[in-house]
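Only one structure is covered here, and it is reproduced in the block below.
The values are calculated or read from the model by the stated rules, or taken from the named source; none is laboratory data. All of these numbers come straight from a predicted model, not from anything done at the bench. Methodologically, a virtual Cβ is constructed for each residue, glycine included, from the backbone with ideal geometry; neighbour enumeration extends over all protein chains shown.
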Amino acid sequence: MKKIVSILLAVMMIAAIAVPSFAATITKESDPKTADVQVKTKTTDKENNDPENYTVTIPAEISVAWNDKTAQDASYTVDSQLKLGAKLKVSAAANDAGKMTNAATDKFLTFTVAGGDVAEYPELNNAVKSTTTVTIADFNAPIAEYVGHMTYTVEYVAA
């Protein structure tokens with residue numbers, strides 16, 4: 001009885017690892033002499049990894065010349081290839097209400113961010129650039145290097 005169970009178990013294990021392969025066959029006797037073949041993509045790459053990817057490139061620093069009250073480029077760039085129905089949400093905001101400080105003085109400057117509201121990016125993006133800018137409207141402080149910070153946020157939303 002044990003031998004029969006062992007043989008059956010071995011057969012079942014071999015059957016479990018067997019991968020069925022179906023092929024269309026056209027012979028001299030076939031009618032019609034055509035066969036439909038399904039061509040489809042996999043959702044993994046050649047190494048069987050998930051190919052989904054995205055890169056959001058942000059500026060490392062934004063420098064503003066003294067008394068330059070024009071909007072300065074603070075844009076980010078989105079490159080992505082996401083799964084069907086997935087998307088990215090990207091935003092940019094001033095930290096501490098845009099306050100820019102210098103340790104040598106109690107005076108400060110303030111910058112504002114435009115175009116930093118949450119923007120949604122669908123599955124495919126190729127170097128899509130935002131219109132984000134920063135502006136210092138008033139330079140009413142001693143001339144010095146003032147520093148403030150802003151935060152860029154990227155959220156991946158699955159399908």
Pairs with Cβ under 7 Å, 6+ apart, first in the range 21-50 and closer than 30 Å to L82 by Cα and without any contact (Cβ under 8 Å) to a residue 24 or more places away in the chain, second among the acidic types (D, E) and surrounded by 10 or more Cβ atoms within 10 Å (Cβ to Cβ): none
Only listed residue being over 23 Å from G115 (Cβ atoms), within 21 Å of the chain's Cα centre (by Cα) and not in a strand (DSSP E or B), chosen from T43, T34: T43
Lone unmet requirement of (1) modelled with pLDDT under 95; (2) closer than 29 Å to V147 by Cα for T43: (2)
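Mind checking which residues of the range 26-64 are under 30 Å from A92 (Cα atoms) and either surrounded by fewer than 10 Cβ atoms within 10 Å (Cβ to Cβ) or among the aromatic types (F, W, Y) (or both)?
First pass over the range 26-64, keeping only residues under 30 Å from A92 (Cα atoms): 50-64.
D50, N53, Y54, A60, E61, S63 - these are the residues of the range 26-64 that are under 30 Å from A92 (Cα atoms) and either surrounded by fewer than 10 Cβ atoms within 10 Å (Cβ to Cβ) or among the aromatic types (F, W, Y) (or both).
Name the strands (runs of 3 or more DSSP E) wholly inside the range 77-159 in which the number of residues that are of a type in the set (S, T, N, Q) is 1 or more. Can you show your working first?
On the way: elements: 77-81, 87-94, 99-102, 105-114, 119-121, 124-129, 133-136, 150-157.
So the answer is 77-81, 87-94, 99-102, 105-114, 124-129, 133-136, 150-157.
Filter the range 105-122 for residues that are farther than 15 Å from A71 by Cβ and in contact with a strand residue (DSSP E or B) (Cβ under 8 Å, 6 or more places away or on another chain) and give the result. Full working, then the answer.
First, the residues of the range 105-122 that are farther than 15 Å from A71 by Cβ: 105-109, 117-122.
Passing the criteria: F108, L109, D117, V118, A119, E120, Y121, P122.
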Boolean, D68 is in contact with a Pro (Cβ under 8 Å, 6 or more places away or on another chain), surrounded by 11 or more Cβ atoms within 10 Å (Cβ to Cβ), modelled with pLDDT of 95 or more and farther than 22 Å from Y156 by Cβ: no
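Looking at the range 83-95, can you tell me whether even one residue there is under 30 Å from T112 (Cα atoms), touching a His at 6+ places or on another chain (Cβ under 9 Å), of a type in the set (A, V, I, L, M) and surrounded by 12 or more Cβ atoms within 10 Å (Cβ to Cβ)? Don't jump to the end; show me each part of the working.
Looking only at the range 83-95, we keep the residues that are under 30 Å from T112 (Cα atoms), and these are 87-95.
Then drop every residue that is not touching a His at 6+ places or on another chain (Cβ under 9 Å), which leaves 94-95.
Within this subset, residues satisfying the condition of being of a type in the set (A, V, I, L, M) are 94.
Subset that is surrounded by 12 or more Cβ atoms within 10 Å (Cβ to Cβ): 94.
Yes - at least one qualifying residue is present in the range 83-95.
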Subset of the range 129-153 (residues that are in contact with a Ser or Thr (Cβ under 7 Å, 6 or more places away or on another chain), β-branched (V, I, T), surrounded by 14 or more Cβ atoms within 10 Å (Cβ to Cβ) and within 30 Å of G85 (Cα to Cα)): T132
Check on A23, surrounded by 10 or more Cβ atoms within 10 Å (Cβ to Cβ) and part of a loop (DSSP other than H, G, I, E, B): no
